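First the structure, in the form of structure tokens, and then the observations on it.
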Amino acid sequence: MKKKSNHSRRDFLKLAALGSAALGLGSVGSIFAADSGNISGNTPTILPAGQSRITGNKSAMGLACEPLKTVRIAIIGIGMRGSEAVRRLLQIEGVQINVLCDLIPDFVKEGNKVLVEAGHKAAAEYTGVDDWMKICERDDIDLVYNCTPWDLHTPIAVYAMKNGKHAAIEVPAALTIDECWQLVNTAEETQRHCMMLENCCYDFFELATLNMARKGVFGEIMHAEGAYIHDLREWKFLEQKDGGYYNHWRLEFSKKYNGNPYPTHGLGPVAQIMGINRGDRFDYLTSMSTKQAGISLYAAEKFGVGSPEANQSYLLGDMNTTLIRTVNGKTLMIQHDTTSPRPYDRLHLISGTKGMARKYPKQAIALEPNAHQFLKTEEFDALMAEYEHPLARQIGEKARLVGGHGGMDFIMDYRLIYCLRNGLPLDQDVYDAAAWSSIVHLSQMSVSNKSQSVEVPDFTNGAWQKAEPWPVVSID
Ligand SMILES: NC(=O)c1ccc[n+]([C@@H]2O[C@H](COP(=O)([O-])OP(=O)(O)OC[C@H]3O[C@@H](n4cnc5c(N)ncnc54)[C@H](O)[C@@H]3O)[C@@H](O)[C@H]2O)c1
């Protein structure tokens, strides 16, 4: 049974404004303020301030909901990412896209053109700034698929769940600890799914290394590294009509924030491999940023030394490095850099007691008894064939044809719809969304406190101790 909301729209907007939400980047709560947290006397650990668990709710760990014969979807935000989602989702059996929403009417019309040309019924069109509320209240939607800018991720997901819908949110799911708790509390209260769309978990090498890790190829995984190193300088300044972001949302964020604003592409896959929230959990982190230089230099070269773009102050350091320690004594190193001239890199390095793997700049694996050397090409290829993940084997070929970052986006969507149609728990749940996204706020707190360590909340309320690591799933 789907639950109806007890909250009026007006109540909800009030709540959102009180927390950290949604009405523009300027109102993303405390994250832009000097956030010193509470520094305790005996330990250097800063405890994140803010909202926490609402007690008495049922856990959402392993949540399975009623199977849906057809998954009726509303897509909100039809920009770069959302327009691709329309194209991918309509190729999955059992999907019906009932609503398309964006502030730009042409984007919505273009989305509908794609639907109709593929033989689907045209979706209802919405273009108002708060129309996502009306959409969440409709009774012909099962899943709200949210591809809006960062500040709208949590407000829309929370409102969707409160109106009985499942929520799928682009990355990161939340910007503040307060928003992380809003997601967890709402998913527990409503027993609705809340999945962050971390597509990198479904890339072919990531899936293969997960399979190897589960079968013990690397021994006990002690350390992992992930990153989002992607030169976005040009995109940050482009106008939306020329293919840039809506209202330069990414650039605007970098004016007011320093830390890792986009941690999950590198973090998600290695967190799953290491059983984070399932057998282990993040304990604390420390984070350090370089000074900012890249975006100012780029702006001076592109717009002139005296231009407003070059003279604007940008807070986001070029490179942020965050170190996380887990309760079981493992470490993760996560980096973010979108303003240096470097090739694209997510690192994806896994280091265990029997060997290691890394993805960039070239996929490579080294194993005992000769881990001083990487495996030769034939040995590497044989290992990759042996440990090809079932999802890659089952839908990899179609995924490569449909595309979306080489196919991983399609595997993610396919598996999400498969789980919803079969009433299965999702591969990434609300606790993953919260723990992985919490790095946005916690890294900022550490950076603004000379890299002091910051505790990561246990969003699972202890359920991580009994939960099994994400298994090697399939769609059979
Ligand atoms: N997983 C990935 O690989 C990946 C890749 C790119 C972007 N993303 C994420 O996807 C999201 C969107 O990124 P993008 O590159 O498509 O940005 P974008 O600016 O191109 O698209 C965002 C769209 O949201 C619309 N929008 C803004 N406010 C709205 C509102 N109130 N109601 C309805 N629509 C609204 C804008 O008009 C715009 O078209 C971001 O969160 C980003 O981090 C993820």
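The values are calculated or read from the model by the stated rules, or taken from the named source; none is laboratory data. This structure is a prediction, so every number in the text was calculated from the model and none was measured. Note that each Cβ is placed from the backbone with ideal geometry, even for glycine, and that neighbours are counted across all protein chains shown.
Table for the structure above
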read-out	value
Close pairs from the stretch 107-127: first within 14 Å of the ligand (Cβ to nearest atom) and polar (S, T, N, Q), partner in a helix (DSSP H, G or I) and modelled with pLDDT of 95 or more, Cβ under 7 Å, at least 6 apart	Thr127/Pro105; Thr127/Val108
Helices (runs of 4 or more DSSP H) contained entirely in the stretch 370-431, each with at least 1 residues that are among the charged types (D, E, K, R), surrounded by 23 or more Cβ atoms within 10 Å (Cβ to Cβ) and out of contact with any strand residue (DSSP E or B) (no Cβ under 7 Å at 6 or more places or on another chain)	408-422
Top-ranked residue of the stretch 137-157 - restricted to ones that are free of Cβ contacts under 8 Å to residues at least 60 places away in the same chain and surrounded by 22 or more Cβ atoms within 10 Å (Cβ to Cβ), ranked as nearest to the ligand (Cβ to nearest atom)	His153
Close pairs from the stretch 58-79: first farther than 15 Å from Cys194 by Cβ, partner modelled with pLDDT under 95 and within 16 Å of the ligand (Cβ to nearest atom), Cβ under 8 Å, at least 6 apart	Gly79/Gln240
Residue in the stretch 247-259 that is aromatic (Phe, Trp, Tyr), touching a residue at least 12 places away in the same chain (Cβ under 8 Å) and over 30 Å from Val327 (Cα atoms) present	yes
Scope the stretch 441-460; condition β-branched (Val, Ile, Thr) and farther than 18 Å from Met333 by Cβ; matching residues	Thr460
Some residue of the stretch 298-312 being part of a loop (DSSP other than H, G, I, E, B) and in contact with a helix residue (DSSP H, G or I) (Cβ under 6 Å, 6 or more places away or on another chain)	no
Members of the stretch 88-122 found to be over 17 Å from Val144 (Cβ atoms) and of a type in the set (Lys, Arg), listed by number	Lys109, Lys113, Lys121
Where Val217 falls short, out of the listed (1) in contact with a Lys or Arg (Cβ under 9 Å, 6 or more places away or on another chain); (2) away from the ligand (no atom under 16 Å from the Cβ); (3) under 30 Å from Gly77 (Cβ atoms)	(3)
Looking only at the stretch 25-78, and only at residues there that are in a loop (DSSP other than H, G, I, E, B), among the β-branched types (Val, Ile, Thr) and at pLDDT 95 or above, the one that is surrounded by the most Cβ atoms within 10 Å (Cβ to Cβ)	Ile78
Where a residue in the stretch 194-217 is closer than 18 Å to Gly355 by Cβ and its partner, wherever it lies, is in a helix (DSSP H, G or I) and within 15 Å of the ligand (Cβ to nearest atom), with Cβ under 6 Å and at least six apart	Glu206/Pro269
